[in-house]
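Working notes, structure below.
The values are calculated or read from the model by the stated rules, or taken from the named source; none is laboratory data. All of these numbers come straight from a predicted model, not from anything done at the bench. Every residue, glycine among them, receives a Cβ derived from its backbone with ideal geometry; neighbour counts consider all protein chains shown. When the accessible area is computed, the model is the full protein with side chains, heavy atoms only, and any ligands, DNA or RNA have been set aside. Shrake-Rupley method; radii C 1.70, N 1.55, O 1.52, S 1.80 Å.
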Amino acid sequence: GFKKMIIMQGAGFNIHRGAEEAIEAMQYVHNAVLLMIGGGDVFGRLYELRDRLALTDKVIIKPKMPFEELQLYTVNADLGLSLDKDNNINYKYSLPNKIFDYIQAEIPVLVSSLPELMKLIDKYDIGDCIDNHKPEHIAQKINKMLADKEKLVVWKKNLKLAAEELCWENEEQRLIELLNYA
């Protein structure tokens with residue numbers, strides 16, 4: 001069948017951002033490819049991990065590219081990942097930019113259960129969150145999301161609304177306030 005595309009983008013693929021687990025999860029994901037685009041401290045290690053797990057046909061890794069080019073990939077994806085861990089106060093309360101890129105591209109998101117991300121998911125119903133960073137669990141969530149046709153229709157509709165409300169022109173600070181007092 002036609003393969004689905006999962007995207008994980010980020011300028012900083014650093015430690016504790018869930019990139020390694022995303023690759024490991026692809027061992028258990030059916031009928032999909034993972035596209036990782038960006039840079040950062042662990043970026044070089046991602047190639048090694050992918051090759052070691054013999055996932056060259058399922059994980060495509062591309063270095064940082066201009067935003068316009070990146071957008072072409074993002075809008076064609078079926079699912080966007082943001083899997084930061086909360087062992088760092090900065091990540092714990094952050095709203096990664098890629099989340100807004102995914103929303104603007106109107107693709108459902110699978111996120112880690114960090115407070116601000118959960119608020120977005122709860123408020124707009126645009127995807128799901130993981131309960132832990134075990135690769136099998138992440139894969140299970142991905143498989144379930146990509147297979148749930150009815151839910152995908154709902155998420156798509158909600159993403160349209162969220163994209164209008166959370167448009168680029170709004171300052172990130174305002175978005176955070178909006179979510180905090182929603």
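Among residues of region 16-33 that are farther than 14 Å from residue 6 by Cβ, those with a beta-carbon under 8 Å from a residue that is assigned to a helix (DSSP H, G or I) and open to solvent by 10 Å² or more (accessible area, probe 1.4 Å) at least six positions away or on a different chain give the pairs 16/91; 17/91; 20/45; 20/49.
Would you mention how many residues in region 27-40 are small (Gly, Ala, Ser) and outside any strand (DSSP E or B)?
2
Kindly evaluate residue 147 against the criterion of being open to solvent by 50 Å² or more (accessible area, probe 1.4 Å), modelled with pLDDT under 90 and over 15 Å from the mean Cα position of the chain (by Cα). It is false that residue 147 is open to solvent by 50 Å² or more (accessible area, probe 1.4 Å), modelled with pLDDT under 90 and over 15 Å from the mean Cα position of the chain (by Cα). Here residue 68 qualifies as open to solvent by 20 Å² or more (accessible area, probe 1.4 Å) and either touching a residue at least 40 places away in the same chain (Cβ under 8 Å) or under 18 Å from residue 102 (Cβ atoms) (or both). For region 71-130, filtering for residues that are acidic (Asp, Glu) and in a strand (DSSP E or B) leaves 1. Remark: residue 6 matches the filter, which requires a residue to be not in a helix (DSSP H, G or I) and not charged (D, E, K, R). Do we have residue 62 as out of contact with any helix residue (DSSP H, G or I) (no Cβ under 6 Å at 6 or more places or on another chain), among the charged types (D, E, K, R), open to solvent by less than 70 Å² (accessible area, probe 1.4 Å) and at negative phi here? So residue 62 passes the test.
Regarding residue 56, is this residue open to solvent by 40 Å² or more (accessible area, probe 1.4 Å) and either in a helix (DSSP H, G or I) or in contact with a Lys or Arg (Cβ under 9 Å, 6 or more places away or on another chain) (or both)? Criteria met by residue 56. Condition check for residue 18 on (1) touching a Gly at 6+ places or on another chain (Cβ under 6 Å); (2) at positive phi; (3) not polar (S, T, N, Q): one failure, at (1).
Within the option set 107, 99, being open to solvent by less than 30 Å² (accessible area, probe 1.4 Å) and at pLDDT 95 or above holds for one residue only, 107.
Applying the condition of being open to solvent by less than 20 Å² (accessible area, probe 1.4 Å) and assigned to a loop (DSSP other than H, G, I, E, B) to region 13-26 and asking which residue is modelled with the lowest pLDDT yields 13.
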